[in-house]
Amino acid sequence: MLDKIKQYIEETGKFKAENAEKLEEFRIHWLGRKGVLKSLFEDFKNVPNEMKKDVGQAVNTLRNQLEQIVENQKDSFSTATSVAFEDYTRPTGFDKGSKHPVSVVRREILEIFSHIGFKVAEGPEIEDDWHVFSGLNFPPEHPARDMQDTFFIERDPDILLRTHTSSVQVRAMKENQPPIRIVMPGRVFRNEAISSRSHCIFHQIEGLYIDEGVSFADLKQTLMFFAKEFFGKSKIRLRPSYFPFTEPSAEVDVYWGLNSETDYRITKGTGWLEILGCGMVDPNVLASSNIDPEKYSGFAFGMGIERIAMLRYQIDDIRLLFENDVRFLNQFQSI
Ligand code: PHE
């Protein structure tokens, strides 16, 4: 009998009711008027005297355990008590966050260039005139400075918010001798009116490769690789352009295609989309950063991350990327 009781103790110890009915069934089976416990007490009379103490203790343990189980589990099924004890301070229903499309695109671009050996470099947002303009072959008072309206912090000597990430090129060339192969992400600032197409703060990624014998063909090959990896498009074209720090300079378009009405709209019916500016680093720029232009050559490119993100996700107002309205951002939860 003792063994049987011990087995009951073990077996009922694991009991967990799924609902109130199951718990009541359990209670009736074990503790009810015709339940197991009742019959154990009846059998107790026949237990030999010398065993009474052990058996009695075991039966009591079983009873206490059964009563406790019923008592404890009852609470979890009784709605009245659960409302009374509900913890209103417990946080509920947090919205899931999402990555900002600019961060996603930035990371993806850096990743693509890392596959062909470009390391990441960064520089300060507050710069002097040398790193943003003069060291990049913008002579003083040259009209090319008007291409990038500038926020000045101090005048004479000029301290300003960088208008492009090309300033990081100058720092990298000053601090390292070739080979230099870097991509430089960062925030840039321009004193421009905010509209659906332009914003006074935005982000760029700059690329720079300097070594012996770097040619325009290397530049084109690198950009084709990027267009293929990022947009899945293998056709690009380079249009002649002008930047003071590159010679020759080009603007790069990818062939997007004209397969839908949206394609017609965003490419203005041409099928081509402009994605970045680039060129061969001007020998003057190399020389002013103490890199020998007779020995080395290189290319540079720069692109706006917002612009690329807008193309990728068909966003037609740049301001959406800065307002941080959760109704807009939540659409990027899956990326
Ligand atoms: N810095 C240029 C801009 O902001 C882009 C660029 C970078 C062009 C590197 C050529 C080479 O418009």
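By the gyration tensor of its Cα atoms, with a ≥ b ≥ c the square roots of the eigenvalues, what is the shape of the range 101-332: rounded for a/c under 1.5, prolate for a/b over b/c, or oblate?
Oblate.
Within the range 13-56, which chymotrypsin sites (Phe, Trp or Tyr not before Pro) sit in a loop by DSSP and count at most 16 neighbouring Cβ atoms inside 10 Å?
Details: sites: Phe15, Phe26, Trp30, Phe41, Phe44; in loops: Phe15.
Answer by residue number: Phe15.
How about the range 128-188: which trypsin sites (Lys or Arg not before Pro) there lie in a loop by DSSP and see at most 15 other Cβ atoms within 10 Å?
Arg155
Tell me what the chain gives for mean residue ellipticity at 222 nm when only DSSP H runs of n ≥ 4 count, each as -39,500 (n - 2.57), the sum divided by the residue total, rounded to 500 deg cm²/dmol.
Helix contribution divided over all residues of the chain: -12500 deg cm²/dmol.
Most mobile of Val104, Val47, Val214 per a Gaussian network model of the chain (Cα springs, under 10 Å)?
Val47
Run the numbers on the chain and let me know its relative contact order in percent, using alpha-carbon pairs under 8 Å that are six or more apart.
Working: 505 pairs, mean separation 52.6, N = 335.
That works out to 16 percent.
Exactly which GluC sites (Glu not before Pro) in the range 20-105 are in a DSSP loop and have at most 10 other Cβ atoms within 10 Å?
Sites meeting the loop and neighbour criteria: Glu86.
How far, in nm, would the chain grow between Asp292 and Gln333 when pulled straight, counting 0.36 nm per residue and subtracting the alpha carbon separation?
Between Asp292 and Gln333, full extension yields an extra 9.9 nm.
How large is ³J(HN,Hα), in whole Hz, for each residue of the range 88-99 in order, when computed from phi with the Karplus curve 6.51 cos²θ - 1.76 cosθ + 1.60 and θ = phi - 60°, using x for Gly and Pro?
6, 8, 6, x, 10, x, 5, 6, 6, x, 9, 6
Read-outs throughout are calculated quantities, based only on the coordinates presented, and are distinct from any laboratory measurement. None of the values given here were measured: they were computed from a predicted structure. Quick reminder, even Gly has a Cβ in these numbers, built from the backbone with ideal geometry, and neighbours come from all protein chains shown.
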